[in-house]
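The block underneath contains the structure these notes are about, expressed in structure tokens.
The values are calculated or read from the model by the stated rules, or taken from the named source; none is laboratory data. Because the structure is a prediction, the values reported are computed rather than measured. Positions of Cβ are generated from backbone atoms using ideal geometry, with glycine treated the same way; all protein chains shown enter the neighbour counts. Just the protein is used for accessible areas: all its heavy atoms, side chains included, with ligands, DNA and RNA removed. Shrake-Rupley method; radii C 1.70, N 1.55, O 1.52, S 1.80 Å.
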Amino acid sequence: MEHRTETPTAKAPADRFTGDVYLNLIATPSEADRLASALVRFTPGARTNWHSHAHGQTLFVTDGVGLVGTRDGQVIRVSAGDVVTCPAGEEHWHGATGTTLMAHVAMVVGNGQGDGTTWLEPVTDEQYAAAHSTVGR
């Protein structure tokens, strides 16, 4: 058993996120345990780049209001207590709304060479605005 009383907060890398995003790593994948998880906090307007996961991703929203979008144009509005499961290989993004922060626990199963995430290009301001229009403001 391991008990940690603190997980340091780090600024998320700018080459994978737009806006101010902060991470607290909960679990990192290893040979013995392939779970990767983090508490991710998005300030208003902040979001991930497009990305996909080798084995899918589960998001558990802990606070605020956010959006999750897919390449086919599906967008859902999420809030505290919601769970979203993104299937393996599905290109998607997630983040806060333009006016409200959002925090979630992101969970993935690694692929033996890390967390299995393939990072892609940023979500454009136009795509982000269109997502808001899809679900209403």
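Miscellaneous remarks
- Looking at segment 95-137, the accessible area is 51 square angstrom per residue; that uses a 1.4 Å probe and ignores ligands, DNA and RNA.
- Once the Cα-Cα distance is subtracted from the 0.36 nm per residue extended length, the residue 28 to residue 134 segment shows a gain of 34.7 nm.
- Against the criterion of solvent-accessible heavy-atom surface with a 1.4 angstrom probe, 22, 128 sort, most first, into 22, 128.
- A probe of 1.4 angstrom, applied to the heavy atoms of all protein chains, finds residue 125 with accessible area near 110 square angstrom.
- Area of residue 118 that stays accessible when all protein chains are in place (1.4 Å probe, Å², to 10): 70
- HN-Hα J in Hz across segment 109-126 - Karplus 6.51, -1.76, 1.60, θ = phi - 60°, x for Gly and Pro: 9, x, 10, x, 10, x, 8, x, 8, 10, 8, 10, 6, x, 6, 6, 4, 5
- Derived value for segment 43-134: Kirkwood hydrodynamic radius 13.1 Å. Basis is the mean of 1/r over every pair of different alpha-carbon atoms.
- Long-range amide H partners of residue 90 with built H, under 5 Å: 53
- Proximal charge balance of residue 43 [Cβ under 13 Å; K/R count +1, D/E count -1]: +1
- Taking segment 1-79 and dividing mean pair separation by its residue count, relative contact order in percent (alpha carbons under 8 Å, at least six apart): 20
- Placing +1 on the Cβ of every Lys and Arg and -1 on the Cβ of every Asp and Glu, with no other charges, gives segment 82-137 a dipole of roughly 180 debye about its Cα centre.
- For residue 78, the amide hydrogen comes within under 5 Å of the amide hydrogens of 66, 67, 68, counting only partners 5 or more places away or on other chains and with H modelled in the peptide plane.
- Distance from the C-alpha centroid of segment 100-137 to that of segment 1-69: 10 Å, rounded to the whole angstrom.
- Cα centre as origin, Lys/Arg/Asp/Glu Cβ charges: the chain dipole, Debye: 260
- Amide H within-cut-off set for residue 16, under 5 Å, with H built and near neighbours excluded: none
- For the chain, with all protein chains in place and a probe radius of 1.4 Å, 53% of the accessible heavy-atom surface sits on carbon or sulfur.
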